[in-house]
Amino acid sequence: MAHIPTQPGLPGISSLFAFRPETAKPMRELAHVLLYSESSLSSGDREVIATYVSSRNQCVFCTQSHAAAARAHLKEDASIVDDVLLNGVNASVSDKLKSLLTIAGKVQKGGRIVTDEDVALAKSLGATDMEIHDTVLIAAAFSMFNRYVDGLASFTPQDPADYVEMGVRMASVGYIPPKS
Amino acid sequence: MAYINVPDGHPGIRGLMQFRPETAKALNLLVEELLQIDIGLSKGEREIIATYVCTLNDCLYCRSIHGAIAKFHCNGDEKFVQDAVNDPQNSQVSPKMKALLAIAKEVQQHGQNVQQHHIDAAREQGATDLELHDTVLIAAAFCMFNRYVDGLGTVQPTDQKIYDQMGKQRATEGYLTKPVVLT
């Protein structure tokens with residue numbers, strides 16, 4: 001049971017967003033810009049980074065929901081998601097994405113662990129300043145989202161099927177609810 | 001020098017916010033809502049929770065700026081703020097704040113570290129649902145801000161006067177106004 005009263009039936013962060021809509025709004029906007037809006041990094045790759053960080057933080061709700069969103073974006077390449085979940089930076093992904101996952105993994109542990117060399121390697125593999133910025137901020141943001149969801153013990157569905165539909169919705173409309 | 005090409009003369013998160021205004025907007029709205037309200041917890045108490053987490057994460061820029069803002073909210077009492085963030089359980093903050101700072105410390109370590117007994121202890125001191133929620137989210141948010149500022153290798157001044165200048169502006173105007181020109 002969550003540490004604060006939340007609406008029954010709403011899972012994970014959705015229940016916390018409903019408890020406090022004022023903080024939900026900027027958090028949704030942040031996720032939308034970082035994961036869904038136009039970027040030279042594909043939404044699939046950005047969701048993989050979010051999934052990887054959530055998995056390292058052992059946040060089941062965020063890992064499962066963003067893995068589902070990543071699979072929905074990646075379509076025939078969806079197996080990348082499970083490869084990264086299992087093998088981390090040794091997964092069969094591009095060298096550029098590996099270098100970004102390395103940076104994200106360090107940010108998950110602590111910002112100060114990221115080195116000049118990590119960034120130089122990513123740049124040598126074609127990563128732009130904007131892509132490095134977004135990788136660091138995605139990893140940092142999920143260090144927040146994961147702690148928010150778990151720190152308040154929000155409801156985490158156990159059936160993987162519950163996340164499929166969630167992921168499809170996240171991949172199709174993003175994170176800002178449609179205006180009613 | 002930061003790892004990415006941010007404009008000169010803008011230390012810490014300020015340079016990053018100029019680099020990417022789209023994410024800056026959401027980040028500023030989030031701190032405005034978490035730190036610039038006096039519902040339940042006062043602005044000073046909220047900034048102390050933030051500064052405490054920045055101290056645990058050892059982020060010089062965030063610790064210094066939010067310490068400065070907290071000081072302005074607490075009538076300039078630097079010792080009160082520094083004692084609270086360096087050793088909260090032996091500081092002059094209220095028993096409720098001590099219980100909330102204990103929760104913030106668990107969140108800083110790992111979300112799943114928050115246990116029912118931490119929540120019960122805070123409720124016994126009068127903490128409300130909203131205060132518990134905001135404490136967890138402030139702690140979580142600063143685990144983001146600290147990683148953002150440090151993970152991109154931003155310039156972080158050591159001169160406290162710079163932070164006092166920026167802190168005064170944020171304490172009086174909040175987080176949504178254009179940054180003051182540093183002198």
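Tell me, what is the 1.4 Å probe accessible area of A:Glu165, in Å² to the nearest 10?
140
Show that you can apply the helix-only estimate: for chain B, add -39,500 (n - 2.57) for every DSSP H stretch of four or more residues, divide by all residues, and state [θ] at 222 nm to the nearest 500.
Values: 9 runs with 120 residues, N = 183.
Rounded to the nearest 500, the figure is -21000 deg cm²/dmol.
Mind pulling up the Rg/Rh value for the stretch A:74-154? Radius of gyration and Kirkwood radius, both on Cα. Kindly include the intermediate steps, with their values, before the conclusion.
On the way: Rg = 13.7 Å, Rh = 13.6 Å.
For the stretch A:74-154, the value is 1.01.
For A:Thr156, list long-range residues whose amide hydrogen, built 1.01 Å from N in the peptide plane, is under 5 Å from its own amide hydrogen.
Those lying under 5 Å, H to H, from A:Thr156 are A:Gly12.
What's the ranking of A:154-161, A:95-102 by average number of surrounding C-beta atoms within 10 Å, highest first?
A:95-102, A:154-161
Give the ranking of B:Ile103, A:Ile113, B:Ile13 by solvent-accessible surface, highest area first, calculated with a 1.4 Å probe. Numbers along the way, then the final one.
On the way: B:Ile103 0, A:Ile113 75, B:Ile13 25 Å².
If we order B:Ile103, A:Ile113, B:Ile13 from most to least accessible, we get A:Ile113, B:Ile13, B:Ile103.
Are there residues in the stretch A:130-171 whose accessible area shrinks by at least 30 Å² when all protein chains are included rather than the chain by itself, and which are they (probe 1.4 Å, ligands and nucleic acids not counted)?
A:Met130, A:His133, A:Val136, A:Leu137, A:Ala140, A:Met144, A:Arg147, A:Tyr148, A:Asp150, A:Gly151, A:Leu152
How much accessible surface area, in Å² rounded to 10, belongs to the heavy atoms of A:Arg112 with a 1.4 Å probe?
Number for this one is 150 Å².
Considering only protein heavy atoms, what per residue accessible area in square angstrom results for the stretch B:64-183 with a 1.4 angstrom probe?
Working: 5150 Å² over 120 residues.
With all protein chains present, the stretch B:64-183 gives 43 Å² per residue.
How big, in percent, is the set of alpha carbon pairs in the stretch A:12-172 lying more than 22 Å apart? Show your work: numbers first, answer last.
Details: 4758 of 12880 pairs.
That fraction is 37 percent.
Which helices pass in chain A if a helix is a full DSSP H run, must span at least 24 angstrom along its long axis by Cα, and must have mean Kyte-Doolittle hydropathy not below 1.0? Intermediate results must be reported in sequence, preceding the final value.
Values: long enough: A:129-151 (32 Å, 0.33).
What comes out of the filter, once short or polar helices are dropped, is none.
Ballpark to the nearest 100 Å², how much total accessible area do A and B bury together, probe 1.4 Å? Each step should come with its number before you reach the end.
Values: alone 9520 and 9320 Å², together 15090 Å².
That pair of chains buries around 3700 Å² in total.
Give me a single rounded figure for B:24-31: the average over its residues of other chain Cβ atoms within 10 Å of their Cβ. Numbers along the way, then the final one.
Working: counts 1, 4, 11, 6, 1, 7, 9, 2.
Average neighbour count from other chains, rounded to a whole number: 5.
Could you look at the stretch A:12-172 and say what percent of its accessible area is carbon and sulfur, using a 1.4 Å probe and all protein chains?
Working: 3180 of 6140 Å².
Answer for the stretch A:12-172 is 52 percent, counting heavy atoms of protein chains only.
From the C-alpha gyration tensor of chain B, pull out the three semi-axes of the equivalent ellipsoid (sqrt of 5λ each), sorted largest to smallest, in whole Å.
On the way: eigenvalues 148, 59, 43 Å².
Each semi-axis is √(5λ); the values are 27, 17, 15 Å.
Translational diffusion coefficient, Stokes-Einstein: compute it for the protein assembly as shown using the Kirkwood radius over C-alpha pairs as Rh, at 10 °C and 1.306 mPa s, and state it as an integer in µm² s⁻¹. Kindly include the intermediate steps, with their values, before the conclusion.
Values: Rh = 20.5 Å.
So the translational diffusion coefficient is about 77 µm²/s.
The values are calculated or read from the model by the stated rules, or taken from the named source; none is laboratory data. All of these numbers come straight from a predicted model, not from anything done at the bench. Positions of Cβ are backbone-derived with ideal geometry, glycine not excepted, and every protein chain shown enters the neighbour counts. Just so you know, the surface numbers come from the protein's heavy atoms only, side chains and all, with ligands and any DNA or RNA stripped out. Shrake-Rupley method; radii C 1.70, N 1.55, O 1.52, S 1.80 Å.
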